[in-house]
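Novice: Handing you this structure, nothing more for now.
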Amino acid sequence: MMKKIVCFLAAATLLLAVSAALADEEEGSIRYKILDDGTAMLTEYRTYEENVVLPDTVGGKPLTQIGEKAFARHSSLKSIRIPDQVVSIGVSAFSGCTSLRYLTLPASLTYIGKYAFYDCDGLTEITVPDQVESIGASAFGDCDNLERVVLPANLDIIEKAVFGSCDKLREVTFQGSVREIGPQAFNYCRSLEKIDLPEGLTTLGFSVFYGCKNLKDVRLPKSLVSMGECVFMECSHLTEVELPAGVTEFGRYIFSKPGNSLNYVPLENVTVLVTPGTPAQAYCEAEGYRWAPVQSTDD
């Protein structure tokens, strides 16, 4: 019996020690945790302020992460200064900060979690730092007044619906290549008129530009291999798009719109330019799209 009691007390002591190590600590308005690498993660900002300047250190440790929902629904927040050494902004960290307008992401940043800035209606432009390789799903979704986006040179994947329903988005700049653009990444960006997709892109997920009704000018890179369903569904202002000869995987309804009786019909204004004899020609014929041969650029 005594051995059992001793073992129980030892286990309880260890559990308390672990819990204490993982427990949040406080410094002013900031709740934080000390991480295994000796840096700190902000877990909650406890006061609602219009302008916030985060310190470089908390608890004597460098602040390197902003945790999940740390500022979520702080609707009065207008500006925030994020320290230069921050590398991670977690899931929904600033979601619902509808007044947030002044934001500069630090050059040290490598990770932006899903929904990180979802529904931040005050944002009008954003430059994603060069060290960021992946942007989480819906990270900037439903930012109703976002107009300009600059994407980093090292970006590998744009996840699902990252800029979905950004109704005023009209300018997207790629500073380098990107390998994959995920489903619905730019769907219902109704102010977007032009997009120049970079070389190195191989995959467009389903419904990437679904509902971009004012999209008129699209350049698809020669590196493109796969296009999902409904990529340009309801892009009613498209008149001409060239499908690269290297595309071999096509989803249904890429250049379509809803018809009657729950079916889909081709966009009436678009002509798809293809290299004769390629899978692109076969795809257009199977879907009933109007197509024309790509004009040779040879002298």
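Novice: Limited to the stretch 232-277, what total is found for residues that are of a type outside the set (V, I, T), more than 19 Å from L197 (Cα to Cα) and assigned to a strand (DSSP E or B)?
Specialist: Residues in the stretch 232-277 being of a type outside the set (V, I, T), more than 19 Å from L197 (Cα to Cα) and assigned to a strand (DSSP E or B): 5 in total.
Novice: Let me confirm something: among E249, E240, E229, which residue is of a type in the set (D, E) and over 17 Å from T203 (Cα atoms)?
Specialist: Answer to the check: E240.
Novice: Counting only residues that are of a type outside the set (A, V, I, L, M) and farther than 15 Å from G246 by Cβ, which one in the stretch 277-291 is surrounded by the most Cβ atoms within 10 Å (Cβ to Cβ)?
Specialist: Ranking the candidates gives C284 first.
Novice: Still on this structure, I have one more. Does A70 count as hydrophobic (A, V, I, L, M, F, W, C) and either farther than 23 Å from L151 by Cα or not in a loop (DSSP other than H, G, I, E, B) (or both)?
Specialist: Against the criterion (hydrophobic (A, V, I, L, M, F, W, C) and either farther than 23 Å from L151 by Cα or not in a loop (DSSP other than H, G, I, E, B) (or both)), A70 qualifies.
Novice: What about V294, is it crowded, with 19+ Cβ neighbours inside 10 Å, of a type outside the set (S, T, Y) and more than 24 Å from the chain's Cα centre (by Cα)?
Specialist: So V294 does not fit the description; no.
Novice: Out of K216, K222, I need the residue that is within 20 Å of P198 (Cα to Cα) and loosely packed, with under 13 Cβ neighbours inside 10 Å. Which one?
Specialist: K222
Novice: Tell me, yes or no, whether the stretch 114-121 has at least one residue that is over 13 Å from the mean Cα position of the chain (by Cα), farther than 22 Å from I195 by Cβ and outside any loop (DSSP other than H, G, I, E, B).
Specialist: no
Novice: Is it fair to say S191 is hydroxyl-bearing (S, T, Y), part of a loop (DSSP other than H, G, I, E, B), touching a Pro at 6+ places or on another chain (Cβ under 8 Å) and crowded, with 16+ Cβ neighbours inside 10 Å?
Specialist: Criteria not met by S191.
Novice: If you don't mind, another one. Residue check: is R179 of a type in the set (K, R) and over 24 Å from S236 (Cβ atoms)?
Specialist: Answer is yes for this residue.
Novice: Under the condition of being among the polar types (S, T, N, Q) and at pLDDT below 95, which residue from the stretch 248-268 is surrounded by the most Cβ atoms within 10 Å (Cβ to Cβ)?
Specialist: N263
Novice: Continuing with this model, one more query. Pick from S191, S138, S207, S165: which is touching a Lys or Arg at 6+ places or on another chain (Cβ under 7 Å), of a type in the set (G, A, S), closer than 25 Å to H237 by Cα and in contact (Cβ under 8 Å) with a residue 24 or more places away in the chain?
Specialist: Going through S191, S138, S207, S165 in turn, just one is touching a Lys or Arg at 6+ places or on another chain (Cβ under 7 Å), of a type in the set (G, A, S), closer than 25 Å to H237 by Cα and in contact (Cβ under 8 Å) with a residue 24 or more places away in the chain: S191.
Novice: Here's something else I'd like to know. Kindly indicate whether S207 is touching a Leu at 6+ places or on another chain (Cβ under 9 Å), within 25 Å of S165 (Cβ to Cβ) and of a type in the set (G, A, S).
Specialist: no
The values are calculated or read from the model by the stated rules, or taken from the named source; none is laboratory data. This structure is a prediction, so every number in the text was calculated from the model and none was measured. All Cβ positions, even for glycine, are placed from backbone atoms using ideal geometry, and neighbour counts span all protein chains on display.
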